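The values are calculated or read from the model by the stated rules, or taken from the named source; none is laboratory data. The shown structure was predicted, so the numbers you read here are calculated from the model rather than taken from an experiment. Virtual Cβ from ideal backbone geometry, glycine too; neighbours counted across all protein chains shown.
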Amino acid sequence: MTFAATGRKRKIYGVDFSGAKDAGRKIWISEGVAERGKLILLKCYPAYDLVPGKLKGRDVCLSALRELIISNKNSVFGMDFPFSLPQQLMSGKDWYSFVSDFPHEYHSADEFRRAMQIAGGNTELKRLTDVEVKAPFSIYNLWVYKQTYYGIRDVVHPLVTSKKVCALPIQEPQEDKPWLMEICPASTLKSEDLYITYKGKSEKEKNTREYILDEMLHKGITVTDEIRKKIIDNKDGDGLDSFIAAYATFRSVRILDDVIGKLPDIYLREGYTFF
């Protein structure tokens, strides 16, 4: 069986990630299944729903997210954060060594950003994949560096070094483990010509969320009225981002046979964004 065929049988998760102190409020997760070439969205919820007492703190919610991943072996998770750095900033390391050493080299998100700025000569370098998918920011830009730091330190590092997941396409998919894929909702929206402002509490932004969602539903996605309302009413747009992440993951599993084992080595160090 091909990688793509195996992937189509897996449950789909889209994760809009955050490294904020109240990450449980900002991280949203969409769950779905693929049936007859379409994505059926089953759930959409903030990460604090995974935590007893609905605590929103970063540590407890990232722990709950890790548990969600490892307890769903027959699944593929589209994660909205970078899995690696521009190769110029990796000190010649291969990807696994970089991930293994990451928490020991950078003891805080701010220390990580300062180190990247210095190593990058006070310029914001991008990975090849960032350029190709038109990612809005460098992975250590002020707006996303915490997302990068906590995503690698608290998700990729513990799960990869314990061999509980496969990070695609750097690692080859294994049937008995969850798969992680790096995605970027902004890049997905750009590819669909839907990259317009939708985050905010105004009526205009709410209407834009509704417009984007309805446009995406024409692409073979099914949601209930309850989920649709939940996504539109989420003023920060995190619910919509997780929905887009699920869609990007859903359509990306179809091309795995064109990606796994066929990419230049730079993607096996810097990572690869599915969109």
Checked against (1) buried (at least 21 other Cβ atoms within 10 Å of the Cβ); (2) within 17 Å of the chain's Cα centre (by Cα); (3) more than 26 Å from Glu105 (Cβ to Cβ), Cys166 satisfies every condition except (3)
Over the stretch 17-41, the set of residues within 25 Å of Thr6 (Cβ to Cβ) and part of a strand (DSSP E or B) is Ile29, Ser30, Glu31, Gly32, Val33, Ala34, Glu35, Lys38, Leu39, Ile40, Leu41
Going through the stretch 207-237 in order, the residues found to be part of a helix (DSSP H, G or I) and among the polar types (S, T, N, Q) are Asn207, Thr208
All conditions in (1) within 20 Å of Val33 (Cβ to Cβ); (2) at pLDDT below 95 are true of Gly261 except (1)
Output for Cβ contacts, cut-off 7 Å, separation at least six or different chains, first residue in contact (Cβ under 8 Å) with a residue 12 or more places away in the chain and closer than 17 Å to Val155 by Cβ in the stretch 103-116, second surrounded by 12 or more Cβ atoms within 10 Å (Cβ to Cβ) and aliphatic (A, V, I, L, M), reads Tyr106/Ala115
### Task
Restrict the check to the stretch 94-101 and report whether at least one residue is more than 22 Å from Arg58 (Cβ to Cβ), of a type in the set (Phe, Trp, Tyr) and under 14 Å from the mean Cα position of the chain (by Cα).
no
Checklist entry - Do we find a residue being among the aliphatic types (A, V, I, L, M) and touching a His at 6+ places or on another chain (Cβ under 8 Å) anywhere in the stretch 91-106? => result yes
Practice problem: Report yes if Asp80 is over 18 Å from Met181 (Cα atoms) and acidic (Asp, Glu), otherwise no. | Solution: no
task: Might you let me know whether the stretch 180-191 holds any residue that is closer than 20 Å to Tyr96 by Cβ, touching a strand residue (DSSP E or B) at 6+ places or on another chain (Cβ under 7 Å) and free of Cβ contacts under 8 Å to residues at least 24 places away in the same chain?
output: no
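Quick grid of which residues meet (1) more than 21 Å from Thr148 (Cβ to Cβ); (2) touching a helix residue (DSSP H, G or I) at 6+ places or on another chain (Cβ under 6 Å); (3) among the small types (Gly, Ala, Ser):
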position	(1), (2), (3)
Ala23	no, yes, yes
Ser30	yes, yes, yes
Ala34	yes, yes, yes
Gly53	yes, no, yes
Ser71	yes, no, yes
Ser75	yes, no, yes
Ser84	no, yes, yes
Listed by first then second residue, the pairs whose first member lies in the stretch 12-30 and is over 26 Å from Arg254 (Cα atoms), whose partner is of a type in the set (S, T, N, Q) and outside any loop (DSSP other than H, G, I, E, B), with beta carbons under 7 Å and at least 6 positions apart or on separate chains, are Ser18/Gln147; Gly19/Gln147
Scanning the stretch 43-63 residue by residue, those without any contact (Cβ under 8 Å) to a residue 40 or more places away in the chain and of a type in the set (A, V, I, L, M) turn out to be Ala47, Leu50, Val51, Leu55, Val60
When the stretch 123-137 is checked residue by residue, the ones that are of a type in the set (Ser, Thr, Tyr) and free of Cβ contacts under 8 Å to residues at least 24 places away in the same chain are Thr123
When every residue in the stretch 174-198 that is in contact with a helix residue (DSSP H, G or I) (Cβ under 8 Å, 6 or more places away or on another chain) and surrounded by fewer than 18 Cβ atoms within 10 Å (Cβ to Cβ) is compared, the one nearest to Ala248 (Cα to Cα) is Glu192
Within the stretch 40-93, the residues that are under 16 Å from His157 (Cα atoms) and among the acidic types (Asp, Glu) are Asp59, Glu67, Asp80
